[in-house]
Structure formats: C-alpha cells, structure tokens
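For reference, the structure is listed below as structure tokens.
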Amino acid sequence: MQDLGISVLFRGINFQRLLLGLWVTLRIALITIGISAVLGLLFGLAMMSRSRAARAVCRIWLEIIRFMPQLVLLYLVYFGFARLFGWNLDGETSAVLVFSFWGTAEMGDLFRGALTSIPRHQRESAAALGLTRAQINRYILLPQTVRRLVPQAINLSTRIIKTTALVKMINVTEVLKVGQQIIGQFYREPSAAFWVYATVFLLYFLICWPISLLAGRLEILWEGNHH
Amino acid sequence: MEPILRVKDIHKSFDGTGVLKGVSLEIHEGEVVVIIGPSGCGKSTLLRCINGLERIDRGEILLRDRRISGLEKDMHLVRQKIGMVFQSYDLFPHMKVMDNLLLGPTKALKRSREETEAEAMQMLSRVGLADKAQALPRTLSGGQKQRVALVRAMLMHPELLLLDEITAALDPEMVSEVLNVVIDLAEEGMTMAIVTHEMRFAEAVADRVLFMEDGVIAEEGGPEEFFREPRTERARQFLQSFTYASARKKEKADSGNPGSGKIR
C-alpha cells in the first residue's frame, strides 16, 4: 500500500499544488523578513535612544512578543481586529502584520546586542585617530555590527520561515494546508499522510538548511574578528 | 620655548567622586613626561582628558596656545594632532594590519593612499613587522599588536603622543619589544606623555617624572633624582613597592645615603 501512498504526490497536479503552497509560505516569510530587517534597525536604535519613552515602548513590545504565542497574536489580528475595528484583513496580510511585529522586535534586539557588544575601546581608538563620528560609524562600528548581526539574523529568518506554518490556522493556503487538502482528497490511501507530510518536511528542510549552512559559514569566516 | 601642551588646573569627577583635583602641567617639544602613581590616582583619566575622551569639569587645556578643552564639534581635528595608544589591544579586528594603518591618514587627514602605504611599510619594517602587513590582527601576538598600534598612531604625524599603560595587558616577555619602540621614538624627539607601571622603562625614557596621587601631582622631577631620592614619603613608599628582594641588597650598598636610609 505504501507504493500507492507515495504515488499520491504525483497524481494530477498535486506536486505543483504543494510547490504553490510553498511559494505562499516563502512569500509571507520573505516580506516579513524584509520588513523586520528595516524596522528592526529602527527598533534597535530606539532601544538605545535617550528617550525614556521610546525605550519603554520597546521594552513592552519585546515582552509582549516574548510571552504571547504567535498563534494567539494571529487570531487576535485576524479574528479580533475584524470584529473590533471592522478591518477585514485577509489571512496573508494578517500573517505578515503579526510576524513583522514579532520579527521587528527580535531583529531590533539582535541589532542592539550586536552593536553594544563592540568594546568601548574600538570607538575610542577610532576617535583617537581623529576620525569624525560619522567615519567611526561607517568604518569601525557598522562593519563589526554587521559581522555579529548577520549570522543571528539568518537564524531568526529560519525561525520565521518555520513559524509561517501557523498561518494555515487563519485559512491561508500555504504548503502545510495544501498537504492536508491532498491527504483529505486521498483518504483511501492510508499512507498518503506520511508521504505528504514527509514531503512538506523535506521542502522546509531544503529551504532552511542552506540558509543555516550559510549562517554557520559566515560565523566561521568572521570568527575571532571579535577579539 | 613655548610648551606644546598646557594643562591648567583641571578637575574631573565621576559620579561625585573627584578623580582629578586640580592638575596642571606643561609639556615642551621633544620632551618625554612619564606619569606614575598608584592605581586610581587619576593618571589615565588625565591622558583621557587631554585627548577629549573625558570632559573636564573645570580648568583648561591648551595645545600650542589653542584651547582644546570643551570643544564640541571639532575635537576630531584636535585628535588628529594628539596620538593615543591604549592598554587594550585596540586594533580594528575586521581590518588587515595595513588597513588599520591607512585608515586615519587616508580618511581623517585625506593623505594619498600610495604615499601613506609606502611610509607605513617603512615603519612596519622598522618595528620588525613588515611581513604582517596583510595579516589580520587576530593572528598577531599582544606585543605585535601594540607595535602596530604605535605605528598606527605615528602615521598620523602627531605633535604629541599619549601612551596609556600600553604594556599592562601584555605577557611579560613581550613588554620589552614594545617599550623598545617607544624608546626609539623618544630618541627621535617625539613628544610624549606616558603612563606606565614599568619603573625601569620610566627611568630610561623620561625627561621628567610626574608622581600622581589622589588626583593631584604630588611630586615632579627629573628621573635621576626622582628614582634615587624621591622627596615625598608617599613617592618613596610607592617606589619601594616595586623593589622586592633587591631592596635588601640596595639598602646595604646605599647605607651611607640619607635618601634611601628611610626606606626599610
């Protein structure tokens, strides 16, 4: 029966459907990562700003995303906002909104951590060479921050990709949802579930693994540059 | 002769604790002033104030008769004339040795890259590191890093060089390779203010010694007199803390000397 199970994948346009679902997954993840990267830098700067109010807002924001399950946030935005404010957000928009809310705070915290981990004497040695503040940022602080930040930001990106699986709960037809639909249609093949889920797993793996490898490579490449 | 640097009665406190309590000094062209004293006496803070890394609360600092304390915007122009090397290995870890050396001259002073590179190579070979030009700092030993840091400061052609305990973080066997470079610079007439705990080096390199204690200059003098016969009791005690077993022999040998008679 196992032969029949695996054949489900290649029946009709099933495999294309899975790939199309994967594209939805990636689209949500990529937009989220893009927004988080840009807003995250601003968030990080706000965390370090002199304004106590800005720092307090960031703190609260960060605590919310740390303690609130993403799924609850998704429901809150998708179902809650629709009722409360009459916003009729589609699932994908809600997902991008929630994940960016999360990604921005996490990225900001990583950015702040990377920047503040640069020893004070790096800035002072650069200042002692008569460089201006802008030159110190450009030649000394920014390159070292990027080297610390990028591997961690890549890891965050893989977490975002994985977390998009939740959006099937708000009726977005991404790769996991497509998989379930296929399994539903072929309920006569008991082993179809295994093969479909295994394929979904493989697809996630094929996306996240190279990204993770890249992060590892970069870490090794830049290793020791922190000391 | 007009002094290069004039420090007039500067005060500095951190969180209400006075660290500098009225320090005045002058440094003349070609002079090497060594500042010694116990930890926390304010000697490092003095250097940091001269270079504007700390803001002074009171007093005034003049570089060639131009006031440099309290500058907001143009401090980087002053720092182009005052070099400084720190205790921590402060090379930029993401840049090769040569790029570390070229950054200040090409970006701050806008000098031509080729010209500076030639000069940098020449200075690197003088400190025995010509083969390290393309190396990353992490592959260098502590002593090598500090020699590169000295070259980096010197490539700015500073009028005054501040050295803040540059061998304090080094393994003992690497101290002399760094200090020999400093002694060479002194012989070439470089004007320097040096904070150090290496007393024999201080004695060898100094034109003048300042002994600081508790935020003020407690004693000042030529190296000969200061190290042989310090005038203040506190300086005597401080110097004695650097002599161990040899103090005994010295006591016998110098027994006729009234200055050392009080050391026990």
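The values are calculated or read from the model by the stated rules, or taken from the named source; none is laboratory data. Because the structure is predicted, anything quoted here is derived from the model rather than measured. Cβ sites come from the backbone with ideal geometry, for glycine too, and all protein chains shown count toward neighbours. Heavy atoms of the whole protein, side chains included, go into the accessibility calculation; ligands, DNA and RNA do not. Shrake-Rupley method; radii C 1.70, N 1.55, O 1.52, S 1.80 Å.
Here are a few things to note about the model shown:
- Dipole magnitude for region B:79-221: computed about the Cα centre from +1 point charges on Lys and Arg Cβ and -1 point charges on Asp and Glu Cβ, it is near 880 debye.
- The separation of region B:214-240 from region A:203-217, counted between C-alpha centres, amounts to 64 Å.
- By average C-beta atoms within 10 angstrom, highest first, the peptides A:105-112, B:69-76, B:49-56: A:105-112, B:49-56, B:69-76
- Remark: the protein assembly as shown carries a charge dipole of roughly 1800 debye about the Cα centre, counting +1 on each Lys and Arg Cβ and -1 on each Asp and Glu Cβ.
- Heavy-atom accessible surface of B:H157, to the nearest 10 Å², is about 100 Å², with a 1.4 Å probe and all protein chains retained.
- Distance histogram in 10 Å bins (all Cα pairs of chain B, percent per bin): 7, 28, 33, 22, 8, 2, 0
- Once the 1.4 Å probe is applied to the protein heavy atoms, chain B comes out at 46 Å² accessible per residue.
- In chain B, Cα pairs under 8 Å separated by at least six residues give a relative contact order of 24 percent.
- Chain A, helix-only ellipticity at 222 nm - DSSP H runs n ≥ 4, -39,500 (n - 2.57), divided by all residues, nearest 500: -24500 deg cm²/dmol
- Rel. contact order, % - alpha carbon contacts under 8 angstrom, at least six apart, region B:35-142: 20
- Peptide B:100-107 has a mean shielding of 3, counted as Cβ atoms of other protein chains within 10 Å of each residue's Cβ.
- Where only C-alpha atoms are counted, convex hull volume of the protein assembly as shown per residue in Å³: 221
- Since only A:P190, A:N171, A:L131 are under comparison, the one whose Cα sits farthest along the positive direction of the charge dipole of region A:2-223, derived from C-beta charges on Lys, Arg, Asp and Glu, is A:L131.
- In the assembled protein chains, B:I68 presents an accessible area of approximately 10 Å² (probe radius 1.4 Å).
- For A:I211, net neighbour charge (Lys/Arg +1, Asp/Glu -1) across residues whose Cβ lies under 14 Å away: +2
- Here's the picture: charge each Lys and Arg Cβ at +1 and each Asp and Glu Cβ at -1 in chain B, and of B:A118, B:M98, B:P3 the one pushed furthest to the positive end of that dipole is B:M98.
- In the calculated pair-distance distribution of region A:2-223, the portion above 33 angstrom amounts to 32 percent of the Cα-Cα pairs.
- Projected label distance in nm at B:E2 and A:F67, using a 7 Å step from Cα toward the beta-carbon: 6.5
- Simple spin-label estimate for B:S13 and A:L30 in nanometres, 7 Å along Cα-Cβ: 6.1
- Atom-type composition of the exposed protein surface of the protein assembly as shown places 57 percent of the accessible area on carbon and sulfur (1.4 angstrom probe).
- Helix axis angle, A:192-222 relative to chain A longest principal axis, alpha carbon, degrees: 20
- Charged neighbours of A:I33, selected by a Cβ distance under 13 Å, balance to +2 (K, R count +1; D, E count -1).
- Rg over Rh [alpha-carbon atoms, Kirkwood Rh] for region B:43-189: 0.97
- Largest to smallest accessible area among B:M212, A:M48 [probe 1.4 Å]: A:M48, B:M212
- The accessible-area ordering, largest first, of the residues B:L77, B:L5 stands as B:L77, B:L5, per a 1.4 angstrom probe.
- At a probe radius of 1.4 angstrom, the accessible area of region A:2-223 per residue rounds to 53 square angstrom.
- Charge tally for A:I60 (other residues, Cβ to Cβ under 14 Å; Lys, Arg +1; Asp, Glu -1): +2.
- Probe 1.4 Å - accessible area at B:R58, Å² to nearest ten: 140
- Measuring r between the beta carbons of B:E173 and A:L84 and using R0 = 51 Å, the FRET efficiency lands at 0.10.
- Mean Cα-pair separation over length for chain A, i.e. relative contact order, pairs under 8 Å, 6 or more apart, %: 33
- Put the Cα centre of region B:184-208 next to the Cα centre of region B:1-46 and the gap is 16 Å.
- Modelled FRET efficiency - R0 35 Å, A:S117 with A:I60, Cβ distances, 0.05 increments: 0.90
- 1.4 Å probe, heavy atoms, protein only - residues of region A:97-131 losing at least 30 Å² accessible area vs chain alone: A:H121, A:Q122, A:E124, A:S125, A:A127, A:A128, A:L129, A:G130, A:L131
- Top positive-direction residue, dipole computed over chain B with Cβ charges, set B:G16, B:M174, B:G59: B:G16
- A:L76-A:L45 FRET efficiency (beta carbon distance; Förster radius 22 Å; 0.05 resolution): 0.20
- Using a 1.4 angstrom probe on protein heavy atoms only, the contact between B and A buries about 2000 square angstrom of accessible area, both sides summed.
- Each of A:F194 and B:E114 was given a label point 7 Å from its Cα along the Cα-to-Cβ line. The distance between the two points is 7.3 nm.
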